[in-house]
Amino acid sequence: MRGNSASLPITLISWIAVIAVFLVLPFVVGPYLLEVMIMLLINIVVVASFRLITMTGGWSLAHIPLVGVGAYSAALLSKHFGVSFWLNLPLGGLTAAFVAAAICYPLLRMKGFAFFIGSFAAGEAIRLCWIRFRNPFGGPRGLIDIAGAGSLRVAGLFSLNLDSGIPFYFLTVLVTLICLYLMHRLGDSRIGVTLEAIHIHDNLAKSLGIPVTKYRALAFIAGGFFAGVAGAMLAHRLRTIDPHQFGFTTTLYLLLWAIVGGTTTFAGPLLGIVALTAIGELIRRFSEWVPLIYGVILIVVVLFFPQGLESLPARIPFLLKKYGIAQKGKPRK
Amino acid sequence: MALLELAGLTKRFGALVAVDELNVSIERGEIRGLIGPNGSGKTTVFNLATGFYRPSAGRVLWQGEDVTLLSPERRAKLGIIRTFQQAALFGEMTVVNNVIVACHLHLDVGLAGQFLKTPKMRAVQRRIEARADEILELMGLLEVKHEVAGDLPHGSQRVLGIAMALASQPQLLLLDEPAAGMNPVETERLMSIIRMLRDKGTTMFLVEHDMKAVMSTCDRITVMDFGQGIAEGTPHEVAKNAAVIEAYLGGG
């Protein structure tokens, strides 16, 4: 957002490199890692949508349940009404946005710690509905036999089964890119500047006539929408969903991604989730130690990079200077 | 008709009466001072006038209309803008972006237009940027427009706070101790800015501790003590008022 001329090509090159890796990797890795990458892409949408909410300063613990709302919406619509995968993505998003709008009315009256606890309670209330109301939601066991993405046919020419690994992967890439583009655009617009201002000093924003609650609601609902889209993707890929998937453990992972990556920039949380997913795969065979290792990573990051991994590039010149390596840079004004 | 009228305004915090049946009426075009010993309720009056607090009793009238229950955002929209006692700015943003955000009331493009960056939005954005430059020039901050606001020296931060309030084109500007922590040179410069703004047509309501600044700048002064208005008049009249002297020198 505030990149200067020197950092622009670097940003561009790194984005191209990232996209190249995502395009080539599925053909190299086996089916297991392909599945990991699909989940990574879906989670990228989740964590990017979470950042929309943190932009106004609230760390919502209801975000993962909102992903679940999108997933349950897609599952129910496809099971009972045969709604297709394509339509279920926006519908899942809208359902989650609707639920987000309903819970944000009381939530946005709270600040800081109260918001934290309030959003946790709202998320648990959503989860309890799935567990209690067995009729549509299937209770603790959740829903099974959800339809997949189906296949893509072009009148007798060819038919592509979208549910097999690589086609679904690229489908996910496409949806993720569209979602990221829209969210980036929102943050980059005037709305993003206003959200940033509200985050820094909400009373000052109020005194200047900015309708603070309206903007916080906008961020919360928009975040809910994209969480719902991600949830719908998830339901159509896993084919089975249950309340436990959207429980507090998953929320903890979301917070971990966001804290490790940092939330100041758009790329921060994405960096966090990619790094942690990669580490998670590397240490997978020490399964029972994984939470401990994550804990250590969290502590190290909080101690040494309190702004998250995203602050790493900015800290490199500082570290170089600290260790006496002369730096040729433009003189500061 | 008075621009802003506080009628029988009262604010109680539990047993403490912070503001006690205060009556103030501010005419268009004046600089009104509000002075009083520490803890006499001046900042509470500002919070009541701008909607950050709800009064326990009494009313706030804006050009004759009751605005007692309106939120700060709504009052800002009507033209009642305040600054804060602590240097209040968006510290992580650049100076110019602070002023651009402060132009929010004059954005008049919907959320969709902002998101889509329509031609209208681009035009409005250019207009706001030009206006921000104008205001920064007026306040003598143009040279530092690309600096991070939180890095400015204290005096400049306070001036930026006023620049931001001006960006929303207030009819009434409430300044809460604008000269706090300033050296005499900065204070004098600030007061000349305030007089210049008055000459440009902005009405101001000013809380300030620096007596010299208050006496030389304000047209009329209201004096508070223990939440009550004890005197009102020109600087000259107030300075001679027995109750005021009593309050400041302490009689009991």
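The values are calculated or read from the model by the stated rules, or taken from the named source; none is laboratory data. The shown structure was predicted, so the numbers you read here are calculated from the model rather than taken from an experiment. Here the Cβ positions follow ideal geometry from the backbone for every residue, glycine too, while neighbour counts run over all protein chains shown. Just so you know, the surface numbers come from the protein's heavy atoms only, side chains and all, with ligands and any DNA or RNA stripped out. Shrake-Rupley method; radii C 1.70, N 1.55, O 1.52, S 1.80 Å.
Quick notes on this structure:
- Taking all protein chains together and rolling a 1.4 Å probe, A:His201 ends up with roughly 50 Å² accessible.
- Of B:Ala15, B:Ala149, B:Ala76, the one that fluctuates the most in a GNM where chain B has Cα springs shorter than 10 Å: B:Ala15
- Loop-resident sites, segment A:109-193, for chymotrypsin sites (Phe, Trp or Tyr not before Pro), counting at most 15 other Cβ within 10 Å (DSSP): A:Phe133
- Net charge, A:Leu143 excluded, C-beta distance under 9 Å - Lys, Arg +1, Asp, Glu -1: 0
- Taken across both chains, chains A and B shield about 2600 Å² of accessible surface from a 1.4 Å probe.
- Structure remark: mean-square fluctuation, Gaussian network model of chain B, C-alpha springs under 10 Å; the largest value among B:Val19, B:Val109, B:Val67 belongs to B:Val109.
- Overall Cα dimensions of segment A:182-230, principal axis frame, Å, largest first: 36, 18, 14
- Burial of 10 Å² or greater, segment B:44-91 residues [accessible area, probe 1.4 Å, versus chain by itself]: B:Phe52, B:Pro72, B:Glu73, B:Ala76, B:Ile81, B:Arg82, B:Phe84, B:Ala88, B:Leu89, B:Phe90
- Here the protein assembly as shown is assigned +1 on the Cβ of each Lys and Arg and -1 on the Cβ of each Asp and Glu. Its dipole about the Cα centre then comes out at about 1400 debye.
- Chain A - charge dipole about Cα centre, Lys and Arg +1 at Cβ, Asp and Glu -1, debye rounded to 20: 920 debye
- Applying a DSSP loop filter and a limit of 16 other Cβ atoms within 10 Å to the trypsin sites (Lys or Arg not before Pro) in segment A:120-175 leaves nothing.
- Chain A: angle of helix A:31-54 to the longest principal axis, Cα-based, in degrees nearest 10: 60 degrees
- Calculated from backbone phi, Karplus (6.51, -1.76, 1.60) coupling profile of segment B:186-194 in Hz, x at Gly/Pro: 4, 4, 4, 5, 4, 5, 5, 5, 4
- Local electrostatic count at B:Arg54 - Lys and Arg +1, Asp and Glu -1, tallied over other residues with Cβ under 14 Å: +4
- Taking the Cα centre of segment B:1-77 as reference, the dipole from Cβ charges on Lys and Arg (+1) and Asp and Glu (-1) amounts to some 240 debye.
- Segment B:1-36: GluC sites (Glu not before Pro) falling in loop per DSSP and having at most 14 other Cβ within 10 Å: B:Glu27
- What segment A:136-196 shows is 48 Å² of accessible area per residue, with the surface traced by a 1.4 Å probe over protein heavy atoms.
- On Cα atoms only, tilt of B:119-138 relative to the major axis of chain B in degrees: 50 degrees
- For chain A, relative contact order (Cα pairs under 8 Å, six or more residues apart, normalised by length) works out to 28 percent.
- Neighbours of B:Ser40, meaning other residues whose beta-carbon lies under 12 angstrom from its beta-carbon, give a summed charge of -1 when Lys and Arg score +1 and Asp and Glu score -1.
- Cα-Cα pairs of the protein assembly as shown separated by more than 42 Å (percent): 36 percent
- When only alpha carbons of segment A:147-300 are considered, Rg and Dmax amount to 19.5, 63 Å.
- Helix A:85-107 and the longest principal axis of the C-alpha atoms of chain A enclose an angle of approximately 60°.
- Per residue, the accessible area of chain B comes to 44 Å² when a 1.4 Å probe rolls over the protein heavy atoms.
- Projecting the Cα atoms of A:Ala100, A:Ser159, A:Leu76 onto the charge dipole of segment A:29-246 (Cβ charges, centred on the Cα centre) puts A:Ala100 farthest toward the positive pole.
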